[in-house]
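> Sharing a structure here in structure tokens format.
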Amino acid sequence: AALRRPYHQKVVDHFEKPSNVGSLDKNDPNVGTGLVGAPACGDVMKLQIRVDADGNIVESKFKTFGCGSAIASSSVATEWVKGRNVDDATKITNKDIAAHLNLPPVKLHCSMLAEDAINAAIADYKNKKKGAVESADDHR
Ligand code: FES
Ligand code: FES
């Protein structure tokens, strides 16, 4: 059998005890949902954020159907977005996540999935807010 490169301990920790696994109500107007897939392997990640009136992320949950590195990356992502403003959270990059977890090059797309999921969740939240303002305008 091919010799497998062992996962870095932080990946194992996040994989065995991932933070923030679960779901938020996607119909809640203050919740943004990002659902993304990795073309390279078909793995799928859902990341959700709950945002307060000041635009700060107060809660984040994920569900990942993917490899250990994807699960670890989403776990890190949910930890890092919490407490940040939505605009600030878009600055989290897959490079930061990959460096934190010491991901090998073949696993970089797993952390990319987490970056994409954060951005998709924020875009969904912003779209909802925009929609809410527009429909309030309609009813004036
Ligand atoms: Fe949890 Fe790094 S060990 S975010
Ligand atoms: Fe594809 Fe990790 S192998 S997300």
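The values are calculated or read from the model by the stated rules, or taken from the named source; none is laboratory data. Because the structure is predicted, anything quoted here is derived from the model rather than measured. Quick reminder, even Gly has a Cβ in these numbers, built from the backbone with ideal geometry, and neighbours come from all protein chains shown.
> Could you please find all residues in segment 103-126 being more than 11 Å from ligand 2 (Cβ to nearest atom) and without any contact (Cβ under 8 Å) to a residue 24 or more places away in the chain?
P105
> From the list I118, I97, exactly one residue is farther than 16 Å from T33 by Cα, of a type outside the set (K, R) and crowded, with 20+ Cβ neighbours inside 10 Å. Which is it?
Unique residue meeting the criteria: I97.
> When segment 90-121 is examined, which residues are found to be under 19 Å from G22 (Cβ atoms) and touching a helix residue (DSSP H, G or I) at 6+ places or on another chain (Cβ under 6 Å)?
Matches in segment 90-121: L113, A114, I118.
> Within segment 68-102, can you find the residues that are of a type in the set (S, T, Y), within 16 Å of ligand 2 (Cβ to nearest atom) and not in a helix (DSSP H, G or I)?
none
> May I ask you to list the residues in segment 85-119 that are more than 18 Å from K10 (Cα to Cα) and either modelled with pLDDT under 95 or more than 12 Å from the chain's Cα centre (by Cα) (or both)?
N85, V86, D87, D88, K91
> Answer yes or no as to whether H8 is touching a Gly at 6+ places or on another chain (Cβ under 9 Å), modelled with pLDDT under 85 and not small (G, A, S).
Spelling it out, it is not the case that H8 is touching a Gly at 6+ places or on another chain (Cβ under 9 Å), modelled with pLDDT under 85 and not small (G, A, S).
> Another question, if that's okay. Find the residue count for segment 54-75, including only residues that are away from ligand 1 (no atom under 13 Å from the Cβ) and over 19 Å from D43 (Cα atoms).
Total meeting the criteria: 6.
> Would you confirm whether any residue within segment 37-47 is of a type in the set (K, R), within 16 Å of ligand 1 (Cβ to nearest atom) and surrounded by fewer than 23 Cβ atoms within 10 Å (Cβ to Cβ)?
No: zero hits.
> Being within 16 Å of ligand 1 (Cβ to nearest atom), of a type in the set (S, T, N, Q), over 11 Å from A117 (Cβ atoms) and at pLDDT 95 or above is the requirement here; does T78 meet it?
no
> Would you be able to tell me the number of residues in segment 14-29 that are exposed (fewer than 15 other Cβ atoms within 10 Å of the Cβ) and either of a type in the set (K, R) or within 10 Å of ligand 1 (Cβ to nearest atom) (or both)?
The qualifying residues number 2.
> Then there's this: If S60 passes every condition in (1) in contact with a helix residue (DSSP H, G or I) (Cβ under 9 Å, 6 or more places away or on another chain); (2) surrounded by fewer than 19 Cβ atoms within 10 Å (Cβ to Cβ) but one, which one does it miss?
Of (1) in contact with a helix residue (DSSP H, G or I) (Cβ under 9 Å, 6 or more places away or on another chain); (2) surrounded by fewer than 19 Cβ atoms within 10 Å (Cβ to Cβ), only one is false for S60: (2).
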